[in-house]
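Working notes, structure below.
All of the numbers you see were taken from the coordinates with simple rules; none came from a lab. Keep in mind that what you see is a predicted model, and the values were worked out from it rather than measured. So basically every Cβ, Gly included, is an ideal-geometry build from the backbone, and we count neighbours across all protein chains shown.
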Amino acid sequence: MPVDLSEFDHPSWITAAGMGVGYLLILAVLTIALFLVPWLVFGAL
């Protein structure tokens with residue numbers, strides 16, 4: 001059964017993709033802020 005890509009031609013899919021990218025970006029920033037920054041600070045002491 002072939003997939004018809006025109007089924008996904010709706011603004012809600014762009015919104016969902018943007019939300020996913022935003023979530024991953026915030027998750028990456030928080031991970032860096034909570035783990036990498038303290039590791040660098042305590043490593044410099």
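Annotations
- V37-A16 FRET efficiency (beta carbon distance; Förster radius 35 Å; 0.05 resolution): 0.70
- Helix axis angle, 11-31 relative to the chain longest principal axis, alpha carbon, degrees: 10 degrees
- Pairs of alpha carbons in the chain whose separation is greater than 11 Å (percent): 73 percent
- Of the chymotrypsin sites (Phe, Trp or Tyr not before Pro) in the chain, not one is in a loop by DSSP (not H, G, I, E or B) with at most 16 other beta carbons within 10 Å.
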